[in-house]
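Worksheet: one structure, shown below.
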Amino acid sequence: SKDAGGDRFTLFNEGMSTRVMRHIEIEHDIRDALQQEQFKFALQAQIDIDSGKLVGFEALIRWLHPKNGYIMPDEFIPIMENSESMITLGYWGIKRAFAILAHLESMGLSGLRVAVNLSASQFLDPNLINFMREQLAKSEQGAEQIELELTERTVVADISHTLRIMHQLKELGFSFSIDDFGTGYSSLAYLSQLPVDVIKIDRSFISGMSANSADKQIVKSTIAMVRKLGMKVVAEGVETAEQLHTLGDMHCDIAQGYHISKPLLEDDLYQKLPSKIKE
Ligand code: C2E
Ligand code: CA
Ligand code: CA
Ligand code: CA
């Protein structure tokens, strides 16, 4: 009826305006957030599947908003993309990654890696290489301990630019991983041309493994191919012992996911880590 249609229109409108207002609020509050250091990293463990040993962490950003509590990156990163604040936040993340490595070392944990997500706008920043070189010079830690995660989307956006920047960062010693592998466009074709150390198989394939034998085949053949190219494979979103076991059988190198550990805020992690390492 006409009434029902009218109601639906009203509801839709309210939903829209709430979303738009949240978007505007986030956009508005980001500048303060950067100044007042409201961002934090949660660190998620990565383990070597064969030995079960900790090899490093992925740094996942959180925004502790003074009014709204924790806001997750899927909500604010897309809003920040293509703005100056994304570059600023990216710089913060790299500095923090070096600080994390220094802290881990002070705890007696050396040789671990920290993986940091790089957004497309960071990769287009003309000052990126200088910034990375500066941070490296300031730090006691080696560049090879920092892994830069790029999505396929970022890589293929401008492949010749990507290659140039990647090679310069590789020369400084940083390593690279391709994030969310399998969800992008051209997957295999360009892979062998990239100076990439690690491929991270997207968690949608990992979660599909038990129910769906096609996903299992995809995971298995991706691991075999990536290893043949001399790269390491990280499985992300490992949620069960069964998945971990299957991945081990497939000779996957590294696992990350809730089954191993949830992402933990730095302070929380530093508290729990000593007892976990002893296990
Ligand atoms: P991502 O890089 O693919 O990160 C993995 C996401 O999967 C994280 O979500 C993580 O908390 C979640 N996750 C980990 N293990 C499991 C699991 O076993 N099961 C399930 N269901 N999920 C799991 P999070 O922390 O919400 O981050 C979302 C996305 O935000 C990231 O996806 C990444 O694209 C982006 N992001 C996070 N931190 C940063 C950052 O510092 N900079 C940039 N540019 N992007 C970031
Ligand atoms: Ca990632
Ligand atoms: Ca991912
Ligand atoms: Ca993702």
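The values are calculated or read from the model by the stated rules, or taken from the named source; none is laboratory data. As the structure is a prediction and not an experimental result, all values here were calculated from the model. A quick note on method: Cβ atoms are made from the backbone with ideal geometry, for glycine too, and the neighbour counts reach across all protein chains shown.
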| field | Residue ranges of helices (runs of 4 or more DSSP H) in region 98-171 with at least 1 members within 16 Å of ligand 3 (Cβ to nearest atom) and surrounded by fewer than 19 Cβ atoms within 10 Å (Cβ to Cβ) | value | 120-123, 152-157
| said: Tally up the residues in region 216-242 that are in contact with a Gly (Cβ under 8 Å, 6 or more places away or on another chain) and within 15 Å of ligand 1 (Cβ to nearest atom), please. | reply: 5
| said: Looking only at residues that are of a type in the set (Lys, Arg) and within 16 Å of ligand 2 (Cβ to nearest atom) in region 223-272, which one is farthest from Arg96 (Cα to Cα)? | reply: Lys232
| request: Any chance you could count how many residues in region 144-174 are among the charged types (D, E, K, R) and within 16 Å of ligand 1 (Cβ to nearest atom)? | output: 4
| task | Name the single residue, out of those in region 173-184 being surrounded by 14 or more Cβ atoms within 10 Å (Cβ to Cβ) and farther than 24 Å from Pro78 by Cα, that is farthest from ligand 3 (Cβ to nearest atom). | result | Phe174
| field | Failed item in (1) surrounded by 19 or more Cβ atoms within 10 Å (Cβ to Cβ); (2) at pLDDT below 95; (3) within 11 Å of ligand 1 (Cβ to nearest atom), with Gln44 passing the rest | value | (2)
| task | Would you confirm whether any residue within region 198-216 is within 16 Å of ligand 3 (Cβ to nearest atom), among the polar types (S, T, N, Q) and not in a helix (DSSP H, G or I)? | result | no
| remark: Subset of region 122-156, residues among the basic types (Lys, Arg) and within 13 Å of ligand 2 (Cβ to nearest atom), comes to Arg153
| When region 199-219 is examined, which residues are found to be away from ligand 4 (no atom under 15 Å from the Cβ) and touching a strand residue (DSSP E or B) at 6+ places or on another chain (Cβ under 7 Å)? | Val219
| query | Within region 227-259, restricting attention to residues that are within 15 Å of ligand 3 (Cβ to nearest atom) and among the β-branched types (Val, Ile, Thr), which residue is surrounded by the fewest Cβ atoms within 10 Å (Cβ to Cβ)? | reply | Ile254
| remark: Exactly one of Ile199, Ile206 is closer than 28 Å to His161 by Cβ and crowded, with 19+ Cβ neighbours inside 10 Å, and that one is Ile199
| task | Confirm whether Lys262 is among the basic types (Lys, Arg), touching a strand residue (DSSP E or B) at 6+ places or on another chain (Cβ under 6 Å) and not in a helix (DSSP H, G or I). | result | no
| message | So the check is Cβ under 7 Å with 6+ separation or different chains; which pairs have a first residue in region 194-219 that's without any contact (Cβ under 8 Å) to a residue 12 or more places away in the chain and a second one that's part of a loop (DSSP other than H, G, I, E, B) and buried (at least 17 other Cβ atoms within 10 Å of the Cβ)? | response | Asp215/Met209
| In region 226-247, which residue that is β-branched (Val, Ile, Thr) and assigned to a loop (DSSP other than H, G, I, E, B) is nearest to Asp197 (Cα to Cα)? | Val238
| message | For region 176-186, which positions are within 16 Å of ligand 1 (Cβ to nearest atom) and over 24 Å from Glu239 (Cα atoms)? | response | Phe176
